Number of protein chains: 2
Amino acid sequence: MPPVMHAEHHLTSSAMLQDIVIGLSDGLTVPFALAAGLSGAVQSSGLIITAGLAEIVAGSIAMGLGGYLAGRTEVDHYSAEVAREHEEVRTVPDVERREVQELLAEMGLSPATQALAVKELTADSQQWVRFMMKYELGLEEPDPKQAPKSAVTIAGAYAVGGLIPLSAYFLTATPQAGLLWSGVITLVCLLVFGYFKSRLTGQAPVLGALKMAATGAAAAAAAFFVARLVSGGGH
Amino acid sequence: MPPVMHAEHHLTSSAMLQDIVIGLSDGLTVPFALAAGLSGAVQSSGLIITAGLAEIVAGSIAMGLGGYLAGRTEVDHYSAEVAREHEEVRTVPDVERREVQELLAEMGLSPATQALAVKELTADSQQWVRFMMKYELGLEEPDPKQAPKSAVTIAGAYAVGGLIPLSAYFLTATPQAGLLWSGVITLVCLLVFGYFKSRLTGQAPVLGALKMAATGAAAAAAAFFVARLVSGGGH
């Protein structure tokens, strides 16, 4: 078995697939639950559509822009830590050398091999800093192009996910009929999505499908009862 | 400088603080933007409160339960990978030994030291698997107690964050007055939250505060215009 093939066993999914999963998970759940909640409290499908679309826009921007800024922060954070490690390697090399040695001891190397390895790893300061970043801090160099891509993918997936439950209210006459069809369509989508998401991450797919659907159903049921309670007392 | 003190320089924040940040980021933004959106489309503060509370409940459950299930999946995934590595160390030790050697070569060790280190690291199968988990797969053993704690913290932070913008609609007579006060209160909270969040993660705090407030404002403005557009045409 060639090593490349072997390594692929552990790969779970690409960055884009992960972003789609993040966006769809919340997009299918929250707008669905909000619309379900309002179905128990208001008489107009138009109002539910207005609130649902406002939520989809708000959620897409919050998730997309939030994800973009988090990605930019990660890039800045990595650069700052690289600069700090370079500084430390220059100013307190003995402390940094001891840290390399402690890491190697923790891996399970003998003192003699630790001494050899410390000498080789700290011979070149670029390599030394790369070693500290990856193995002391556990940081991989982030791709600066990833943040805008992730933002668009997450926001798009959230919007697509949210429009699925909301579409039922466009196509039915009353909030009650909308809720019924929205529930049916969304639970089917959550089951299918949970099934494939679990397969991607190597989990039991049927159990994953049921968990995903149960999360959506729990959020929708809770929103329904809270909205009914509030609207019953409030207006 | 003792090594423990030194290591703390890189620590950004505890798991609980991170969960609070996750919950507050979305909690302050999405319910605020939804309420702002509806303020441009409906005449009743009661409706905005109903929709806002339904959204807060839906979002808290989706984020909390979603986070809980993701945490459980991570624990299961780790166990499955440990079992797989043990199996591979038993059945294809030469492949696994070559992987250890490739990792050591990538760190920058000489072939002679690689050979020594491979021998020592693969002498004990427990240690060998621990090495593969941490340095080949980059996986740390997750704490099984973390998932329920994170779920409660994230859901609670989302609910607290969401009630801040919504509180303005309880205390004012019209959606327009609610929107004004909600905007003022929420932007102040986003600035303060962005400031402290940035300090926690070692970023420029004033810039971080402005970015956080801009995200909330962008989401609210977009939701406002979409809701007004839809309700103007719809009912």
ask   = How much of residue A:128 can a 1.4 Å solvent probe reach, expressed as accessible area in Å² and rounded to 10?
value = 10
ask   = With every protein chain left in place, what is the accessible area per residue of chain A in square angstrom, probe 1.4 Å?
value = 46
key: For chain B, average projected area of the Cα convex hull in nm²   = 18.1
request  = Would you kindly compute the Cα radius of gyration of the protein assembly as shown and its largest Cα-Cα separation (Dmax), both in Å?
outcome  = 25.4, 79
remark   = So, in nm and shortest first, the distances from residue B:206 to its counterparts in the other copies, with label points 7 Å along Cα→Cβ, work out as 6.1
remark   = Residues hit by the 50 Å² burial cutoff in region B:33-54, accessible area with a 1.4 Å probe, assembly against chain on its own, are B:34, B:47, B:50, B:54
Where A:102, B:141, B:120 fall by accessible area, highest first, once all protein chains stay in place (1.4 Å) = B:141, A:102, B:120
remark   = Share (percent) of C-alpha pair distances in region A:81-136 greater than 13 Å works out to 54
request  = In nm to one decimal, list the spacings between the residue B:145 label point and its equivalents in the other copies, with label points set 7 Å along Cα to Cβ, shortest first.
outcome  = 4.5
message = Test of understanding: in a Gaussian network model of chain B with alpha carbons linked when under 10 Å, which of B:85, B:99, B:55 would top the mean-square fluctuation ranking?
response = B:99
query = Can you list, largest first and rounded to whole Å, the semi-axes you get for region B:22-121 by taking the square root of 5 times each eigenvalue of its Cα gyration tensor?
reply = 56, 17, 8
message = Within chain A, what whole-number % of the accessible surface is contributed by carbon and sulfur, with the 1.4 Å probe and all protein chains included in the calculation?
response = 67
query = Where in region B:99-130 is the amide nitrogen less than 18 Å from a point lying 7 Å along the Cα-to-Cβ axis of residue A:112?
reply = B:110-124
task = Please give the total accessible area that chains B and A bury against each other, computed with a 1.4 Å probe and expressed in Å² to the nearest 100.
result = 5900
ask   = For the cross-link pairs A:149/B:211; A:211/B:145; A:119/B:119; A:211/B:149; A:134/A:197; A:134/B:145, which exceed 23 Å when the distance is taken from alpha carbon to alpha carbon?
value = A:134/A:197; A:134/B:145
key: For residue A:189, solvent-accessible area (1.4 Å; no DNA, RNA or ligand), Å²   = 40
task = Order the following by accessible area, largest value first: B:16, A:63, B:133. Probe radius 1.4 Å; ligands, DNA and RNA are ignored.
result = B:16, A:63, B:133
inquiry  = Keeping all protein chains in the complex and leaving out DNA, RNA and ligands, what accessible area do you get for residue A:160 with a 1.4 Å probe, in Å² to the nearest 10?
reply    = 90
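The values are calculated or read from the model by the stated rules, or taken from the named source; none is laboratory data. Owing to the predicted nature of the structure, the values given are computational and were not obtained by experimental measurement. Glycine also receives a Cβ, built like all others from the backbone with ideal geometry; neighbour counts cover every protein chain displayed. To get the accessible areas, we keep the full protein, side chains included, count just its heavy atoms, and leave off ligands, DNA and RNA. Shrake-Rupley method; radii C 1.70, N 1.55, O 1.52, S 1.80 Å.
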